[in-house]
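Every number here is computed from the coordinates shown, using simple stated rules; none is lab data. In this text, all values refer to a predicted model and were calculated from it rather than measured experimentally.
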């Protein structure tokens, strides 16, 4: 099966699996192959070639595709939302697919990278409250989603999690301290 045929199957599957990422133009990488795709009324334009595909959704993770009188079954094995990438199985072959919509391509062209902007420098109090527990200290390495402290506000305990990966440089709050909204609690 050619790389274009594989891509055509992926495109149809994207409509089934990740509708929120579809746009008029995007870039798809399958392994080392990079292709530009534009959605047209008549089908898809892949690197200046217009292609047509028939597809039937079998279930939430599998589609049946007919292209140029050949039949393929495509299974979406894994989807990584943050990276906009997926792993698909076409027959007995597994392919890694990464996606970039027109907004991602524009940011890349301007030299901006969303992954590098995900670096965190501080965590601020989302609301006024009282520090009940501090789960980190300077020098601790935290991953995205790790609990860093517990803040009591309006008689409720709020778990504050790290929005990204980093190493704690300073803890600006103390146990039992009252804090105001947007007060810096932890620096990275």
Once you treat every alpha carbon in the stretch 122-187 as an equal point and sum by Debye, what is log10 I(q)/I(0) at q = 0.13, 0.14, 0.25, 0.29 Å⁻¹?
-0.29, -0.33, -1.08, -1.41
Compute log10 of I(q)/I(0) for the stretch 42-175 with the Debye formula, placing one identical point scatterer on every Cα and leaving out solvent, at q = 0.17, 0.21, 0.22 Å⁻¹, to two decimals.
-1.00, -1.25, -1.30
